[in-house]
């Protein structure tokens, strides 16, 4: 009797061990499989995003310049140089000015277009396509067209303005007007994108709200907009502001093709300065320090954006 | 078809134990339902049998083969899911063919376009197509083979899911609440169809449900699960008439079984309901009697306990009446009688309740069933005397 | 009833008018580009305000655009680069997104956190180290240098993970019962099921990389690998004195594929942009 129990116990113990081994093997296989699936992405992420991000921060404390075999630790030298760099102040100022003009400009125009088009009974798709066209068109090609339109002798814009009595000048080559012209191109290019996001936001507002308001006696377009549309659209608006700001912060294409930062650094912006320092003058470490400044701005904006998305989730 | 054996299976998710030492043997060709409230572990048990989930301890045997180390697809089982889980991008024929394609074609033969021209694949494909057609015919969905799941009704999707299961001729069918997404009428219809399918295929079916009607009507045996344990296994009749646990008694049966607190007279063992002799003798540990509604009789002037009619429902074929007992104000007794057999109950009127002594069950404080049988009534006093 | 309908239709008319004025601003560059691409040098010099050319010069301008620089080669490069980028992005992102959305593994939350963090990194910010890396690897000025940096799209992983989360677990279990491997599930079940999201991401990816200027500008030095934006920019600098007719013809050719694709499949594009834009 005792022997039987003993054998039974031994069997149970063996079974338990087998259970544990099997569970851990299977567990191990599943874990390994998941890592295998994620591995290519993780490897590339490390090589192309996280590693370089760390490198850019480290580089900004050195005197590395491209092609050199060696580098020295220079602490905050690059940042100190930056504080004494007039062009840096210019490019920060210009970038902020660019963002400050393009964001409200493309926001208001995009929202206006979205409201007008959404309220139409016919022709919605047509107007939407028209306003969205610049988003699809290669910006470089269109920048060249804008440049042609701005040229003093052949351009439609100076020639039209000349008819109205303005001097026929290329406004892209005037210190005072070059940046505003770039802003106009920026607005032209991005308003369609914002319009589409707003249209999505508008279609998410339940019609019953408007019907309820109508029963409560508020029937003018003005009341409708301020009591329902605008508050309901607030999360989308915040979102559009942030992503337009992030995109505008990275303005580069038009500057590189149209003005090269000139005249007189009037259109020098942050990314263009990074490009010049890094790839024209090969002062990689200084460009890295500028990049760190750029990153700080972007991180602030993205944190605000993440907050907005959270709020949007709470909203619904 | 095969025998499925579950031996001492346990499973924990983090700190919560979902299954504790569950054991169950499902015979070849048997239809067994796992039933219980949500969270009782029935779906987890099914998933462990299928191999989709791995048990922490215990053993699963299918046709005398231990399958614990086998992938789900190597266990030769088929599963029908609650949400049907049809591939939305494939038409009905391809959905049904999927398990066969995975079994019979190698990965090159499965390639889109080119695979068809590889050696051996056309014969295999023909065989698969034939089996798909046969399955479709059996389920009466031949006309739907070219459609995508999105174009089908709930009932049709259900059939396709069954088709995908039966096409690979599995050792056992696992069905995870397959009818719960259908509307009431269709559910009744599909219930019959699944039962017929089981009779026709003579295959082993393991059917998870929380719906007792499904379990009672289709199964050869029912395993009632509560809190990770299988607390009773038996035929539908056994489980209904002879529940071994108060939780089984309560879970099975609608309207619910009546539970009445009881005092057992020391010595004689007579069960007293609010002092009145119930006519049965029970074990001393009994704290509660259970009486199915159809074992309750209500009459206007004659009965064991008096009460007030609180609610009456006429369902056409039968009538439910709820009476609140005067002596036990916390107890509401439900009776069920065929329509037209009683007197017309008016809410608020006084009624007298009595019980069919042969069908009274007794439970102890832990909810376990204890012995209880009809006592012989004393001729003079109307009191019961224990048998031998 | 009548006054309501007439007032709303006159309101609509006003709206159309306002939209039309805005459209002049939006469409002017396109109109100028196309009209100039058909104009003779004389027309360009004297008729800046004229929409239609006085003499048809289209053939000459377009022929010049295609012969002065290997524009078609640039377009082919653009196709190779955008298609490779998108294909590799899917190859890398889908398995990872599947593991993040549907498998339970230790480290999943950490990996997802890393991906959220990487979403913050703008491509310009890592340009210098990646350039230096490619310099040391000796792969600057090649297709590889154009494609490799974009093969990892954390945005794509994020987007696909969100979409995969909505795929029912039962479907994946059914696939496992049918004998499909985990890797097979990614391609045979998840990809087809997530086709709308994949399309949206594809539109987003192709637009971004067909139009990208910054990165090709940095890594390329030989014209063999030029993508359309670089091509048209060189065209401008190469043609001394700006031969505007052919230049506008070249611009037209380069924006045509995407613009035409957009006009043909408007709804899909707008849905795709909205879907990706709102994340």
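Every number in this text was worked out from the coordinates using simple rules, so none of it is lab data. What you see is a predicted model, and the numbers here were worked out from it, not measured in a lab. Quick reminder, even Gly has a Cβ in these numbers, built from the backbone with ideal geometry, and neighbours come from all protein chains shown.
Looking at the square roots a ≥ b ≥ c of the eigenvalues of the Cα gyration tensor of region C:1-160, which shape do they give, rounded for a/c under 1.5, prolate if a/b is larger than b/c, or oblate? Mind showing how you got there, number by number?
Working: a/c = 3.35, a/b = 1.40, b/c = 2.40.
It is oblate, given that a/c is not under 1.5 and a/b is not larger than b/c.
Per residue of chain A, what 222 nm ellipticity follows from adding -39500 (n - 2.57) for every DSSP H run with n ≥ 4, rounded to the nearest 500?
On the way: 13 runs with 223 residues, N = 316.
Dividing the helical sum by the residues of chain A leaves -23500 deg cm²/dmol.
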Point-to-point label distance, residue B:373-residue A:304, nm (Cα→Cβ direction, 7 Å offset): 8.6
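If R0 is 35 Å, what FRET efficiency do you get for residue C:54 and residue A:124 from their C-beta distance, rounded to 0.05?
On the way: r = 38 Å, r/R0 = 1.08.
So the FRET efficiency works out to roughly 0.40.
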With Cα atoms, 0 to 90° folded angle of helix A:230-249 axis to chain A main axis: 80
Cα gyration tensor shape of chain A, rounded if a/c is under 1.5, else prolate or oblate by comparing a/b with b/c: oblate
Euclidean distance between Cα centres, region B:300-372 to region C:134-174, Å: 68
Residue of C:222, C:84, C:153 that the Gaussian network model of chain C assigns the largest fluctuation, springs spanning Cα pairs under 10 Å: C:222
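Just from its helices, what would the mean residue ellipticity at 222 nm be for chain B, if runs of 4 or more DSSP H residues each count -39500 (n - 2.57) and the sum is divided by every residue, rounded to the nearest 500 deg cm²/dmol?
Working: 8 runs with 90 residues, N = 388.
After summing the helix terms and dividing by the residues of chain B, the value is -7000 deg cm²/dmol.
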Cα-based helix-to-principal-axis angle, A:178-203 vs chain A, degrees rounded to 10: 50
Radius of gyration and maximum dimension Dmax of region B:105-238, Cα, Å: 18.3, 58
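Ignore the peptide's own chain and count Cβ atoms of other chains within 10 Å of each Cβ in C:247-260; give me the average, rounded. Could the numbers behind the result be given before it?
Numbers: counts 5, 4, 0, 2, 9, 2, 1, 6, 10, 3, 2, 4, 5, 1.
Whole-number average of other-chain Cβ neighbours for C:247-260 is 4.
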Angle between chain C longest axis and helix C:154-165 axis [Cα atoms, degrees, rounded to 10]: 60
Point-to-point label distance, residue C:13-residue A:221, nm (Cα→Cβ direction, 7 Å offset): 1.5
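Counting only other chains, what is the mean number of Cβ atoms within 10 angstrom of the Cβ of each residue in peptide A:146-157? Please list the in-between numbers first.
Values: counts 4, 4, 12, 6, 0, 3, 0, 4, 10, 3, 11, 3.
Whole-number average of other-chain Cβ neighbours for A:146-157 is 5.
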Translational diffusion coefficient (Stokes-Einstein; Kirkwood radius from C-alpha pairs) of region C:51-141 at 37 °C, 0.692 mPa s, in µm²/s: 181
Part-to-part distance (alpha-carbon centres) for region A:187-217 and region B:1-15, which is given in Å: 55
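What does the average come to when, for each residue of peptide C:210-216, you count the partner chain Cβ atoms lying within 10 Å of its Cβ?
Numbers: counts 2, 9, 4, 9, 6, 0, 0.
Average neighbour count from other chains, rounded to a whole number: 4.
Can you classify region B:277-347 as rounded, prolate or oblate using the Cα gyration tensor, where a ≥ b ≥ c are the square roots of its eigenvalues, rounded means a/c under 1.5, and otherwise it's prolate if a/b beats b/c and oblate if not? Provide the component values of the computation, followed by the final result.
Details: a/c = 2.10, a/b = 1.73, b/c = 1.22.
It comes out prolate by the Cα gyration axes.
Which order do the peptides A:71-77, B:17-23 take when ranked by the mean count of other beta-carbon atoms within 10 Å per residue, highest first? Each step should come with its number before you reach the end.
Numbers: A:71-77: 12.7, B:17-23: 19.1.
My ranking of the peptides, most packed first, is B:17-23, A:71-77.
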Most mobile of B:166, B:118, B:201 in a GNM of chain B (Cα contacts under 10 Å): B:118
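Region C:146-185: percent of C-alpha pairs farther apart than 12 Å? Please list the in-between numbers first.
On the way: 527 of 780 pairs.
Result for the distance tail: 68 percent.
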For chain C, built as a Gaussian network whose Cα springs stay under 10 Å, the top-fluctuating residue of C:82, C:199, C:237: C:237
Cβ-based exposure ranking for C:268, C:176, in which fewest neighbours within 10 Å come first: C:268, C:176
Least to most buried among B:214, B:137, B:30 (fewest other Cβ within 10 Å first): B:137, B:30, B:214
Separation in nanometres of the label points that stand 7 Å from Cα toward Cβ, at residue B:106 and residue B:142: 3.6
Extension gain, residue C:261 back to residue C:73 (0.36 nm per residue minus Cα-Cα distance, nm): 65.7 nm
For chain C, calculated [θ]222 nm from helices alone, where every DSSP H run of n ≥ 4 adds -39500 (n - 2.57): -23500 deg cm²/dmol
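Obtain the radius of gyration and the Kirkwood radius of the protein assembly as shown from its C-alpha atoms and give Rg over Rh.
Values: Rg = 38.6 Å, Rh = 34.8 Å.
Answer for the protein assembly as shown: 1.11.
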Packing-based exposure ordering (other Cβ within 10 Å, fewest first) of C:135, C:98, C:57: C:135, C:57, C:98
Modelled FRET efficiency - R0 25 Å, residue B:265 with residue B:302, Cβ distances, 0.05 increments: 0.60
R0 of 41 Å, Cβ-Cβ distance residue A:87-residue A:234: FRET efficiency to nearest 0.05: 0.60
Cα centroid separation, region B:31-105 to region A:13-53 (Å): 24
